[in-house]
Amino acid sequence: MLGLTMNLRNALRATNAFGKTVRDVRTDRDMSQQEFSDLIHIQRSYLSNVENGESFPTVLVMFSIIEQSGMTPAQFIERVHHRALFELQYPIERQTVVALHHEGLNNAARIRRPVET
């Protein structure tokens with residue numbers, strides 16, 4: 001259980017966290033969207049929509065993504081869960097600082113917005 005009451009806001013947060021986790025998996029493998037979408041047999045635009053939280057994949061696509069991640073489904077969902085909680089706990093302007101502290105510079109570079117002072 002994710003520990004979150006499932007309402008529209010939390011569903012959107014989970015979809016965004018799932019997409020960002022998919023992007024992490026792809027970039028960890030040094031693959032372009034086109035390369036990764038070819039690997040899991042979907043259109044690049046669909047992958048882009050998933051990564052941006054605009055679409056949620058079908059179950060078959062989700063399991064293809066998880067298989068390519070090298071994680072078990074439980075591990076992958078746990079990573080999505082932690083990402084959703086992280087984004088809930090820290091406003092976007094603090095995420096870069098926290099990511100630098102917890103994950104190191106390489107992972108923090110994935111967060112697009114700089115810290116506002």
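The values are calculated or read from the model by the stated rules, or taken from the named source; none is laboratory data. In this text, all values refer to a predicted model and were calculated from it rather than measured experimentally. Neighbour counts run over all protein chains shown; Cβ positions are idealised from the backbone, glycine included.
Just one of (1) touching a helix residue (DSSP H, G or I) at 6+ places or on another chain (Cβ under 7 Å); (2) buried (at least 16 other Cβ atoms within 10 Å of the Cβ) fails for Val61. It is (1).
Go through the stretch 68-88 and give me each residue that's modelled with pLDDT of 90 or more and either surrounded by 15 or more Cβ atoms within 10 Å (Cβ to Cβ) or part of a helix (DSSP H, G or I) (or both). The answer is Gln68, Ser69, Met71, Pro73, Ala74, Gln75, Phe76, Ile77, Glu78, Arg79, Val80.
The set of residues in the stretch 37-78 being among the hydrophobic types (A, V, I, L, M, F, W, C), farther than 14 Å from Arg26 by Cα and touching a residue at least 24 places away in the same chain (Cβ under 8 Å) consists of Phe56 alone.
So that you can scan it fast, the table gives a plain yes or no per residue for (1) in contact with a Gly (Cβ under 9 Å, 6 or more places away or on another chain); (2) outside any helix (DSSP H, G or I); (3) of a type in the set (D, E, K, R):
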{"residue": "Arg9", "(1), (2), (3)": "no, no, yes"}
{"residue": "Leu12", "(1), (2), (3)": "yes, no, no"}
{"residue": "Ala17", "(1), (2), (3)": "yes, no, no"}
{"residue": "Thr21", "(1), (2), (3)": "no, no, no"}
{"residue": "Val25", "(1), (2), (3)": "yes, no, no"}
{"residue": "His41", "(1), (2), (3)": "no, yes, no"}
{"residue": "Ser45", "(1), (2), (3)": "no, no, no"}
{"residue": "Ser48", "(1), (2), (3)": "no, no, no"}
